[in-house]
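The values are calculated or read from the model by the stated rules, or taken from the named source; none is laboratory data. Predicted model, so just to flag it, every value in this text is computed and none were measured. Using ideal geometry, Cβ is built from the backbone for each residue, glycine included, and neighbour counts are taken over all protein chains shown. Side chains are part of the model used for accessible areas, which takes the heavy atoms of the whole protein and leaves out ligands, DNA and RNA. Shrake-Rupley method; radii C 1.70, N 1.55, O 1.52, S 1.80 Å.
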Amino acid sequence: MSDNQTSLTPNTREIDITKKTVKMQVSAADKIISTIIYILFSLFAFICVYPFYSIIINTISANDLSAKGEIIFWPKGIHFQNYIDVFKIPGLGNAFMISLGRTVIGTLLTVGASAFLGFMFAQEDMWGKKFWYRFTIITMFFNAGIIPWYLTMRSLHLTDNFLAYILPSVVAPFFIILVKTFVEATPKELQQAASIDGAGIFTIFYKIILPISKPILATVAIFSAVNQWNSFQDTLLLVTDSKLYSLQFILYNYINQASSLSTMVNLQNAGSTAMATLATKQTSTSIRMTVTIIVVAPILLVYPIFQRFFVKGIIIGAVKG
Amino acid sequence: MRSQSMRSNSFRKFLYISPFMLLLAVFAYYPLYGWVYAFFDYTPPIPLSQSEFVGFKWFHSLVENQVKIDQLMQVIWNTFGISGLGILFSWLPMIFAIFLTEIKAVRFRKFIQTVTTLPNFISWVLVYSLAFSMFSSEGMVNGFLHMTGLTDSPTMFLQSSEHVWWTMWAWATWKSLGWSAILYIAAIMGIDESLYEAAYVDGATRMQVIRHVVLPSMMPTYFVLLMLQIASFLNNGLEQYFVFQNAFNKDTIQVLDLYVYNLAMGGGSYSVSVAISMLKSVISVVLLFSVNGLSKMLRGEGIV
């Protein structure tokens with residue numbers, strides 16, 4: 001059984017690069033190269049992490065210090081008032097529910113559709129299979145453009161409509177390719193045996209394909225959840241009703257305000273007026289950073305757990321090319 | 001009799017997927033119909049049916065006087081510049097992957113890989129928020145420069161119109177470098193072990209192994225990705241440039257997608273922006289097919 005298990009998932013091997021490093025004599029030049037590699041990679045890793053770290057320490061530091069940009073490495077005057085204040089912002093709770101709602105519903109539908117379509121496109125006999133598969137894949141490379149898309153959405157009455165967040169992303173070509181590749185790599189006999197036992201297409205899908213495809217479906221789920229959570233453009237184009245604002249959109253408005261405010265200050269830059277504006281901005285800086293943390297938190301929390309998982313997923317896709 | 005039941009079975013399978021194909025038709029293919037707006041004098045809220053058919057007027061209007069030509073040329077120049085920088089440095093993820101796999105300390109390597117792929121998972125709005133917190137006039141970088149006494153007045157990193165292409169390239173690279181390297185890491189793991197051993201027996205140094213074993217094995221992957229990148233030369237996307245645009249950098253940051261958006265949503269010129277959208281999509285498809293043809297010619301297989 002255990003042998004069978006591994007052969008079901010031929011592509012999900014552990015990424016282990018060590019086996020590729022053949023032992024060679026270490027010369028002085030090699031040592032220098034190694035050192036440079038270590039330094040460069042450490043530096044880049046620092047650049048990748050520091051922005052997140054610095055925002056976190058700023059949100060819990062004394063607001064006047066963080067507004068002056070003085071919190072660099074360690075938090076000073078630790079407090080959590082910003083987080084309490086942020087939860088009192090009107091509309092933020094609603095935006096959170098919108099973002100959460102579209103992420104949960106959108107992800108469920110996308111995963112379901114990707115699994116089903118990936119499975120169906122792996123079937124040998126389907127009327128016009130080749131055509132419909134191309135019909136699906138071509139949309140990855142070709143689109144009408146954002147304004148025609150916007151006009152279509154408007155004519156379908158999908159502006160200021162929650163469904164606009166969900167429906168366009170249900171059929172996702174890339175995820176379908178991932179599932180199709182995965183299903184095609186599983187032994188045909190499983191499906192054939194079930195079919196001989198009288199199982200219909202839905203039974204095969206539900207009882208056989210869904211359970212064995214769990215790893216790839218988890219990958220699809222994470223990707224699609226991240227996409228939904230991060231989505232900003234659809235709110236920007238399609239939504240004017242503040243009840244449907246997503247968290248990303250609220251955050252953008254905050255920074256945009258702050259950014260134009262700081263432009264004004266820079267333009268005037270005549271001591272007293274600048275100071276006056278700065279006074280009103282002190283809260284806005286830390287509140288903005290706190291909202292940022294709230295928007296990025298779900299990803300930061302999920303990321304370490306699933307990172308290895310979706311790296312495997314993308315490699316399965318890469319094997320297909 | 002039997003073959004007929006098989007045929008009806010195969011049609012039934014199509015029926016199961018037909019609702020999804022309908023969704024695709026509506027959201028990916030039906031918008032193409034929106035291209036007709038480019039041929040009408042359309043101003044909302046007057047419906048298209050009552051708008052006047054104007055033929056190629058809007059396409060002409062793009063180049064009707066020097067001011068408009070200059071504007072469009074600047075936008076195309078920006079698009080080419082920013083995409084060009086991306087292509088110029090398209091080898092970076094490959095080099096990143098090669099040297100990452102050279103690291104022998106497993107924990108360190110896994111740590112680097114985990115950490116450098118993280119930025120790929122945040123939105124451009126969040127990237128901009130980070131950028132603003134770090135580089136605005138009251139941001140940490142200016143705070144640090146002020147504290148250490150390196151500068152007296154804050155430097156306007158985000159409001160500068162100079163180096164916009166480079167900063168946009170830098171943020172895009174920051175966001176995607178670690179992630180793009182994963183495909184190459186997969187390719188490196190596919191390299192036949194015996195090639196390494198042969199090189200080792202021949203007394204090759206580490207750099208020689210990289211040059212003669214690793215790099216050649218990566219070329220197919222690099223080539224496919226490069227072709228895809230060239231095919232989407234005009235599609236820089238909207239979000240990154242939208243969030244980073246401001247009154248100061250507008251001239252150098254407007255790529256085609258942003259220009260189209262600003263024309264329609266800012267200026268209400270739907271017909272003109274649809275005309276540009278349309279030209280852009282057509283050119284993109286031509287690019288894709290040329291690159292695909294080129295790939296078939298050079299490597300014997302297409303990329304699409």
With each pseudo-label sitting 7 Å past Cα toward Cβ, what's the B:Phe89-B:His163 distance in nm, one decimal? 1.2 nm
Apply 1/(1 + (r/R0)^6) to the Cβ-Cβ distance of B:Asp152 and B:Asp251, taking R0 = 30 Å, and write down the FRET efficiency to the nearest 0.05. 0.55
So for R0 = 22 Å, FRET eff. of B:Glu197-B:Lys104 from the Cβ-Cβ r, to 0.05, ends up at 0.80
At 20 °C and 1.002 mPa s, the Stokes-Einstein diffusion coefficient in µm²/s for the protein assembly as shown, with hydrodynamic radius from the Kirkwood sum on alpha carbon pairs, is 79 µm²/s
For chain B, with every protein chain kept in place, what is the accessible area per residue (1.4 Å probe, Å²)? 47 Å²
Reachable aspartates and glutamates, given that their alpha-carbon falls under 18 Å from the alpha-carbon of A:Lys130 and they are not under 8 places away in the same chain: A:Glu184
Note the full-extension length gain between A:Ile72 and A:Asp85 as 0.36 nm times their separation in residues minus their Cα-Cα distance, in nm to one decimal. 2.4 nm
Please list, in order, the residues from region A:87-115 whose amide nitrogen is less than 11 Å from a point placed 7 Å along the Cα→Cβ vector of A:Ser242. A:90-92
Students often get this wrong: which residues of region A:187-226 have the backbone nitrogen under 11 Å from the point 7 angstrom along Cα-to-C-beta of B:Asn9? A:192, A:195-201
Per-residue SASA entry for A:Ile196, accessible area with 1.4 Å probe, Å² rounded to 10: 140 Å²
Phi angles of region A:82-90, converted by Karplus (6.51 cos²θ - 1.76 cosθ + 1.60, θ = phi - 60°) into ³J(HN,Hα) in whole Hz with x for Gly and Pro, give 4, 5, 5, 4, 4, 6, 8, 5, x
Would you please give the FRET efficiency between A:Ser260 and B:Gln229, computed as 1/(1 + (r/R0)^6) with r the Cβ-Cβ distance and R0 = 41 Å, to the nearest 0.05? 0.75
Kindly flag which residue pairs out of B:Lys110/B:Lys175; A:Lys31/B:Lys110; A:Lys188/A:Lys214; A:Lys180/B:Lys175 have an alpha-carbon separation exceeding 27 Å in this structure. A:Lys180/B:Lys175
Region B:236-260 residues near the modelled B:Asn120 label - backbone nitrogen below 14 Å, point 7 Å along Cα→Cβ: none
With the contact rule set at Cα under 8 Å and sequence spacing of 6 or more, what percent relative contact order holds for chain B? 26 percent
Helix-only mean residue ellipticity at 222 nm, the protein assembly as shown, DSSP H runs n ≥ 4 weighted -39,500 (n - 2.57), per residue, nearest 500. What is it? -21500 deg cm²/dmol
Each label sits 7 Å from Cα toward the beta-carbon; between A:Gln192 and B:Asp70 the label points are separated, in nm, by 7.2 nm
